[in-house]
Amino acid sequence: MVAKRSSRSAALTAVSATLTKEAKTANLARKRTRRETVPKLLSTTDSQQHEQEPTNEGSENSYWLFKAEPESRIVDGVDVRFSFDDLSREGQASWDGVRNYEARNCMKRMKVGDFGFFYHSNCKTPGIVGILKVCKEAYIDHTAFDPKHPYYDPKSDKEKPKWFMVDVEYVRPLKRLIGLHELKAHLAKYSSKSPLSDMALMRKSRLSVSPVKESEWSFILELADKEVEGDASLESK
DNA sequence: GCCAACGTTGGC
DNA sequence: GCCAACGTTGGC
């Protein structure tokens, strides 16, 4: 077994646009990644159930949320840190290391051009910091086959790959960080009337990759554009 | 570092 | 195929 603690945000391997796929792979271990839990194994039925998980609301979903850990944390000798600044510096990253079916299924549904929020987790101020864009659709996450990789999954079979990743590229930061705290405060204040009342981030807080509805997306962007008058963002708590 | 929430495992 | 035990996530 491999991963000690598994994941928190997502793992990412930053890659430069000029690298070949293979070179990117080789690069993995050196860059940070992160991931989700490495499941020990699944029965066939379980995997089938996961395969059949309904896609969000049926229709296409063009917005997502990706969690990553901006602070260093060593997993099996590899620093899994990956911040929005890192993405900004490197331009692109492979979102590898996700070892949770629901999160993986989200990645499988992504299309080139879909946008995502970049969320910082397991850190001092958790929250949404920026925007990224999907630039390559789901493909096999070979880190699952590498025994030396912290996110190695001994149960995954090359003939029947279980784990996938997408590539993402930097778009821009939000005008200000939208903290989890602020999102929760909004929810507490408006409860079911809040545009966030059904947001996956709130309801399934442990998912490292989750869908974002268009209404949630635009609401959060507006929040970010709003000046924080008198710390209004903190008013309900 | 604690621990609540929740996903996974495996015995039955 | 249920469900108790166990493991992980991630906010605090």
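The values are calculated or read from the model by the stated rules, or taken from the named source; none is laboratory data. These figures come from a predicted structure and were not determined experimentally. Every residue, glycine among them, receives a Cβ derived from its backbone with ideal geometry; neighbour counts consider all protein chains shown. Note: accessible area is taken over every heavy atom of the protein model, side chains too, but ligands, DNA and RNA are not part of it. Shrake-Rupley method; radii C 1.70, N 1.55, O 1.52, S 1.80 Å.
Quick look at the values:
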| quantity | calculated |
| --- | --- |
| Every pair of residues 6+ apart whose Cβ atoms lie under 9 Å, when the first sits in the stretch A:210-228 and is of a type in the set (K, R) while the second is open to solvent by 80 Å² or more (accessible area, probe 1.4 Å) and not in a loop (DSSP other than H, G, I, E, B) | A:K226/A:K175 |
| Single condition A:D96 does not satisfy, out of (1) open to solvent by 10 Å² or more (accessible area, probe 1.4 Å); (2) modelled with pLDDT of 95 or more; (3) outside any strand (DSSP E or B) | (1) |
| Inter-residue pairs, beta-carbon under 9 Å, first away from DNA strand B (no atom under 16 Å from the Cβ) and in the stretch A:178-192, second basic (K, R), 6+ apart | A:A185/A:K237; A:K189/A:K237 |
| Extreme residue, least open to solvent (accessible area, probe 1.4 Å), among residues of the stretch A:99-127 that are in a loop (DSSP other than H, G, I, E, B), closer than 18 Å to A:I140 by Cβ and within 11 Å of DNA strand B (Cβ to nearest atom) | A:R99 |
| Qualifying positions in the stretch A:165-208 - acidic (D, E) and crowded, with 16+ Cβ neighbours inside 10 Å | A:D167, A:E182 |
| Inter-residue pairs, beta-carbon under 8 Å, first farther than 30 Å from A:K184 by Cβ and open to solvent by 10 Å² or more (accessible area, probe 1.4 Å) and in the stretch A:128-149, second assigned to a strand (DSSP E or B) and of a type in the set (D, E, K, R), 6+ apart | A:C135/A:D167; A:C135/A:E169; A:K136/A:D167 |
| Filter pass, A:S218 being within 16 Å of DNA strand B (Cβ to nearest atom), surrounded by fewer than 17 Cβ atoms within 10 Å (Cβ to Cβ) and outside any strand (DSSP E or B) | no |
